[in-house]
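Below is one structure, written out as structure tokens; comments come after it.
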Amino acid sequence: MTSEQIREKFLEFFEKKGHKIVPSSSLIPDDPSVLLTTAGMQQFKRYYTAELDATADFGSQRTVSAQKCFRTSDIEETGDKTHLTFFEMLGNFSFGPVGSDNPEDFKTSGYFKRSSIFWSYEFITEILGIGVDRITVSVFKGDDATPFDEESYNIWHKELGIPKDKIILGSRVDNFWGPTGDEGPCGPCTEIYVDGVEIWNNVFNEYYKEKNGGFVKTENPGVDTGMGLERLTAMMQGVDDVFGTDIFQPLVAKVRESVSSEHDRVVRILADHLRASIFLIGDGIRPSNKEAGYILRRLLRRIMAYQIKYDIHADLFPESVEIIKNKFGKTYPELNETKKILEVLEDEKQKFQEAVGRGMKEIEKFKEIGGKEAFYLYETFGLPFELIKELAPKEAIENLYKEDFDKEFEKHQEISRSGAEKKFGGHGLLLDTGELKAGSEEEMKKVIRFHTATHLLQWALREVLGKDVRQMGSDINPERMRFDFSFSRKMTSEEIKKAEDLVNEKIKENLPVHFKEMLKNEAEKIGALSFFKAKYPETVKVYFIGPISPMGFLSAEFCGGPHVNWTSEIGKFKITKEEASSAGIRRIRATVL
Ligand code: SER
């Protein structure tokens, strides 16, 4: 059976039992408790709590879906035969009230443990044709907070005849699911194993976990089941490796063309990360330094780093995008936007390939890498900690611990802060670009926000108007900022809006702001912007916004500071006016809210 057939049969089977087939929701969840969609039930959360009415929206209290899911916790686990970051979850759902299972009652009545377990059993044994003797199950054994799920136990044992020794009594860790986030629907679950491999989880949402930790019985108990398509397909196709199924076959074959056969692990990591990244981009996620965007960036950096480490010269992106479209485009139409997806991949590649490449050369120079060295590699080349661990020779990282790296990170933050405080001491403060006056701590905080905003604005203007734009002066007071720059004509209102939006985007991404003491010529070499009128000493302070890498930093300026630590501290940025200042020089007035 192909994976397409399995997906189809699952949806059909439950459709016949009164379920409405609902398309997968986006990987960007509307549930703020998670960064990415991790389970099929998330798009239905508000139907369990009866905030929304399923009969009104779906014509049924039952739904079925194949849901795109992503589990961050598995990024570092990939490489073996079963772990995936992105996967598809087949699931059937019931929101209740529990009614009869006569077809004429399907529209308005949900179901609970009995129907759910019976149907799982029917699907596995009759539709998939798996022998009963291959099945074992687990049931929640109960604890102080919620009791033994005796009902499920009896259904398996007394009604379906599963022998006692094939029913495992599991604890909360394995047999109680949810909620996603701090609160929400949750309940005991019963898992189904075939040949010892877990394939299906039936969750019975009979509780609502409150923020304070208490479990409250829900009025209408719900059902939420989940079965990983990849694992199920592996089982049906008689392979023990999800990468050996038809799901991955074309992509794995492509990657294999350029990776030598002893590196199976690398082939799997690349196949997983390529597929996952393409799905993430398809749903509108873009690489950034924050949240979901950062997850995507991590995957892409890992791909590129492996390519460098294992000398894989093949251009994997264009062909992968085609392969994924051909395999999944029918089910997930957003994957047909190949041009757009490829553009995002290529753009990110350009940004990081050289940086990662240089960073890797640098790694090889170290005999031993501890927290300090790892932080240096992170700061200078944008290599994330985990990647350093992955790429460095084993001998070099014997004494490398995450805590040491974190300590370095914090220390660095403190240095940035104390730099600011020293300058802060008196009244008023001198910036490299002009005099900044403030009468109180409060006012000082405001002008510091403006100060970082000028750096972002200079970056944004250069993005919108071109790299000839340079800062010619600035004047800041607690009410507003003025920013003068070289440009020969009036900006259009679109350009103004675009610059403003770019600044706000970077504020939202909450990028770190940090400085480095550098030799003047080195700072110039990496492209840090200086203020042309000023005379600088041999050693200068360069302020960066965002992580540093030779190709990839966002903004770097010669500057004495002080600045905010994180861009989100700036608040909302608003351009209030654009006007002429003098010949060839424009002036922007702006404020922060
Ligand atoms: N929510 C459960 C899971 O993710 C069942 O769908 O395993």
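Consider region 280-295. How many of its residues are outside any loop (DSSP other than H, G, I, E, B) and surrounded by fewer than 24 Cβ atoms within 10 Å (Cβ to Cβ)? Write out each step before concluding.
Within region 280-295, the first condition is being outside any loop (DSSP other than H, G, I, E, B), and the residues that meet it are 280-282, 291-295.
Next, from what is left, pick out any that are surrounded by fewer than 24 Cβ atoms within 10 Å (Cβ to Cβ): 291-295.
Number of matching residues: 5.
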Scanning for something closer than 20 Å to Ser26 by Cβ and either part of a helix (DSSP H, G or I) or of a type outside the set (Gly, Ala, Ser) (or both), does region 316-324 turn up at least one residue?
-> yes
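Can you tell me which of Val216, Val239, Val259 is farther than 24 Å from Arg302 by Cα, at pLDDT below 95 and away from the ligand (no atom under 16 Å from the Cβ)? Working first, answer last.
Working: Val239 fails: at pLDDT below 95; Val259 fails: farther than 24 Å from Arg302 by Cα.
Going through Val216, Val239, Val259 in turn, just one is farther than 24 Å from Arg302 by Cα, at pLDDT below 95 and away from the ligand (no atom under 16 Å from the Cβ): Val216.
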Only one of these conditions is not met by Thr38: (1) more than 20 Å from Phe10 (Cβ to Cβ); (2) assigned to a loop (DSSP other than H, G, I, E, B); (3) touching a residue at least 12 places away in the same chain (Cβ under 8 Å). Which number is it?
-> (1)
Does Thr63 count as open to solvent by 20 Å² or more (accessible area, probe 1.4 Å) and either under 23 Å from the mean Cα position of the chain (by Cα) or within 13 Å of the ligand (Cβ to nearest atom) (or both)?
-> no
Which one of these is more than 15 Å from the ligand (Cβ to nearest atom), farther than 27 Å from Tyr294 by Cβ and open to solvent by 50 Å² or more (accessible area, probe 1.4 Å): Thr108, Thr125, Thr55?
-> Thr108
Of all residues making up region 144-180, the number that are of a type in the set (Lys, Arg) and under 35 Å from the mean Cα position of the chain (by Cα) = 1
Taking region 72-98 and keeping residues in contact with a Leu (Cβ under 8 Å, 6 or more places away or on another chain) and open to solvent by less than 10 Å² (accessible area, probe 1.4 Å) leaves Ile75, Thr78, Thr85, Phe86, Glu88, Leu90
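Against the condition at pLDDT below 95 and open to solvent by 10 Å² or more (accessible area, probe 1.4 Å), how does Asp101 come out, does it pass?
Numbers: at pLDDT below 95: yes; open to solvent by 10 Å² or more (accessible area, probe 1.4 Å): yes.
Spelling it out, Asp101 is indeed at pLDDT below 95 and open to solvent by 10 Å² or more (accessible area, probe 1.4 Å).
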Counting only residues that are surrounded by 20 or more Cβ atoms within 10 Å (Cβ to Cβ), give me the strands (runs of 3 or more DSSP E) lying completely in region 141-229 with at least 1 of them.
-> 184-194, 197-209, 215-228
Is one or more of the residues making up region 318-339 open to solvent by 60 Å² or more (accessible area, probe 1.4 Å), over 30 Å from Glu88 (Cβ atoms) and touching a residue at least 12 places away in the same chain (Cβ under 8 Å)?
-> no
Run Pro547 past the list (1) in contact (Cβ under 8 Å) with a residue 12 or more places away in the chain; (2) within 23 Å of Pro287 (Cβ to Cβ); (3) not in a loop (DSSP other than H, G, I, E, B) and report the number of the one that doesn't hold.
-> (3)
Could you list, in sequence order, all residues of region 98-111 that are closer than 21 Å to Gln43 by Cβ and touching a strand residue (DSSP E or B) at 6+ places or on another chain (Cβ under 6 Å)?
-> Gly110, Tyr111
Extreme residue, surrounded by the most Cβ atoms within 10 Å (Cβ to Cβ), among residues of region 111-122 that are in contact with an Asp or Glu (Cβ under 9 Å, 6 or more places away or on another chain) and under 14 Å from Gly161 (Cα atoms) | Ile117
Within region 8-26, restricting to residues that are touching a residue at least 60 places away in the same chain (Cβ under 8 Å) and in contact with a helix residue (DSSP H, G or I) (Cβ under 6 Å, 6 or more places away or on another chain), the one that is nearest to the ligand (Cβ to nearest atom) is Phe13
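Identify, please: which residue in region 27-42 is among the aliphatic types (A, V, I, L, M) and within 15 Å of the ligand (Cβ to nearest atom) and is, among those, surrounded by the most Cβ atoms within 10 Å (Cβ to Cβ)? Working first, answer last.
Of the residues in region 27-42, the ones among the aliphatic types (A, V, I, L, M) are 27-28, 34-36, 39, 41.
Now restrict to residues that are within 15 Å of the ligand (Cβ to nearest atom): 27, 34, 36, 39, 41.
On the way: Leu27: 26, Val34: 15, Leu36: 23, Ala39: 23, Met41: 30.
My answer is Met41.
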Cβ-Cβ below 7 Å, separation at least six or inter-chain, first residue in region 195-210 and among the aliphatic types (A, V, I, L, M), second modelled with pLDDT of 95 or more and within 11 Å of the ligand (Cβ to nearest atom): which pairs?
-> Ile199/Met227; Val203/Gly187; Val203/Cys189; Val203/Asp224; Val203/Thr225
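Taking Arg302 as the residue in question, decide whether it is touching a residue at least 24 places away in the same chain (Cβ under 8 Å) and open to solvent by 10 Å² or more (accessible area, probe 1.4 Å). Full working, then the answer.
On the way: touching a residue at least 24 places away in the same chain (Cβ under 8 Å): yes; open to solvent by 10 Å² or more (accessible area, probe 1.4 Å): no.
Judged against the criteria, Arg302 is not a match.
Restricting to region 431-473, name every residue that is part of a loop (DSSP other than H, G, I, E, B) and at pLDDT 85 or above.
Within region 431-473, the first condition is being part of a loop (DSSP other than H, G, I, E, B), and the residues that meet it are 432-433, 437-440, 466-470.
Across region 431-473, the qualifying residues are Gly466, Lys467, Asp468, Val469, Arg470.
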Within region 480-497, the count of residues that are of a type in the set (Phe, Trp, Tyr) and in a loop (DSSP other than H, G, I, E, B) comes to 1
Scope region 69-94; condition away from the ligand (no atom under 14 Å from the Cβ) and part of a loop (DSSP other than H, G, I, E, B); matching residues = Ile75, Glu76, Glu77, Gly79, Lys81, Thr82, His83, Thr85
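Within region 565-591, which residues are β-branched (Val, Ile, Thr), within 17 Å of Asn504 (Cβ to Cβ) and open to solvent by 10 Å² or more (accessible area, probe 1.4 Å)? Even if it seems obvious, please write down each step before you answer.
To start, the set of residues in region 565-591 that are β-branched (Val, Ile, Thr) comprises 567, 570, 575-576, 585, 588, 591.
Now drop any that are not within 17 Å of Asn504 (Cβ to Cβ), which leaves 567, 570, 575-576, 588, 591.
Answer for region 565-591, where residues must be β-branched (Val, Ile, Thr), within 17 Å of Asn504 (Cβ to Cβ) and open to solvent by 10 Å² or more (accessible area, probe 1.4 Å): Ile575, Thr576, Thr591.
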Is there a residue being within 13 Å of the ligand (Cβ to nearest atom) and among the polar types (S, T, N, Q) anywhere in region 181-190?
-> yes
Those residues of region 191-212 which are closer than 19 Å to Ser94 by Cβ and either within 11 Å of the ligand (Cβ to nearest atom) or of a type in the set (Asp, Glu) (or both) amount to Glu191, Trp200, Asn201, Asn202, Val203, Phe204, Asn205, Glu206
If we keep only residues of region 501-544 that are within 24 Å of Tyr294 (Cβ to Cβ) and of a type in the set (Asp, Glu), then the residue farthest from the chain's Cα centre (by Cα) is Asp501
Those residues of region 333-374 which are more than 15 Å from Gln307 (Cβ to Cβ) and small (Gly, Ala, Ser), in sequence order = Gly370, Gly371, Ala374
Total residues in region 470-488, condition in contact with a strand residue (DSSP E or B) (Cβ under 8 Å, 6 or more places away or on another chain) and either open to solvent by 50 Å² or more (accessible area, probe 1.4 Å) or acidic (Asp, Glu) (or both) = 6
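The values are calculated or read from the model by the stated rules, or taken from the named source; none is laboratory data. Just so we're clear, the structure is a prediction, and the values are computed from it rather than from any experiment. Glycine gets a Cβ as well: all are built from the backbone with ideal geometry, and neighbour counts include every protein chain shown. Calculation scope for accessible area: heavy atoms of the full protein, side chains included, ligands and nucleic acids excluded. Shrake-Rupley method; radii C 1.70, N 1.55, O 1.52, S 1.80 Å.
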